[in-house]
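The values are calculated or read from the model by the stated rules, or taken from the named source; none is laboratory data. Just so it is clear, the structure is predicted and the values come from calculations on it, not from any experiment. With ligands, DNA and RNA removed, areas are computed over all heavy atoms of the protein, side chains included. Shrake-Rupley method; radii C 1.70, N 1.55, O 1.52, S 1.80 Å.
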Amino acid sequence: MIGSYLKYLLQRKSKYSIHSPFVYDFMAKVLYDKGSNRDYDMMLRVSHLLDGKKFATRSRRKQSRFLYRLVHYLEPETVLSFGRVSALNTSALALGNLQTKVYLEQSAEFLETLNSMGVVNVSLIHQDIDEEEMIERFNTGFVLYGIDDFGEDTWNNLEYGLAQSDDDTVLVFEGIHHSRRTEAAWEAIKADEGVTLTMDLYSMGLVFFREGIEKQHFVLKY
């Protein structure tokens, strides 16, 4: 959506124009960290095997490395991943913190191949368990919604589990500007009274529930 991207370019801010200590620290340590990491090579090998070499484009590698740094920064006990998430992003979520348990919707063959390559802190979400039950069961601080699982219905169902959110909870939504439907869902999320802070990175949106701060929405240079 060209119009949405032009609007993003006009509104986005760098860390030097951000006055929130939390957001500034987040941008410095997660968003703008350009350092190399040997785990990135492993993520790429996993992607080549399960996604195919053509999948690992520059933009997708950039996103996966961001997710890796995000998990490393937040150190959640569990990550729930709903919808279609690539092997590149799955390995990023898992390798970001080896103590984090990652649950995702994928095939048994996908998981077996992932485990055989040394990415072992990943399990499958059983098909007979719905999203609300998963969120309640694991009291997770990190939920990632793939682009095909993000819309108004997702947010409506998710409200059931928001009572368990705290300062460390983050929800990550892929493709917030992918279509009018996802943009409408993103606006509904921003308006929810339980949400205190959002970050629009164009390709992804992050939602936080931090107490004691004024409700703020940031469009960040990424």
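Taking each of LYS7/LYS101; LYS15/LYS190; LYS54/LYS190; LYS62/LYS101; LYS7/LYS34; LYS54/LYS215 in turn, the alpha-carbon distance tops 32 angstrom for LYS7/LYS101; LYS54/LYS190; LYS54/LYS215.
Considering all alpha-carbon pairs of the range 170-222, what whole percent are spaced by more than 18 angstrom? Everything past 18 Å amounts to 24 percent. When the residues TYR24, TYR222, TYR40 are ordered by accessible surface, computed with a 1.4 Å probe over the protein chains alone, the sequence from largest down reads TYR24, TYR222, TYR40.
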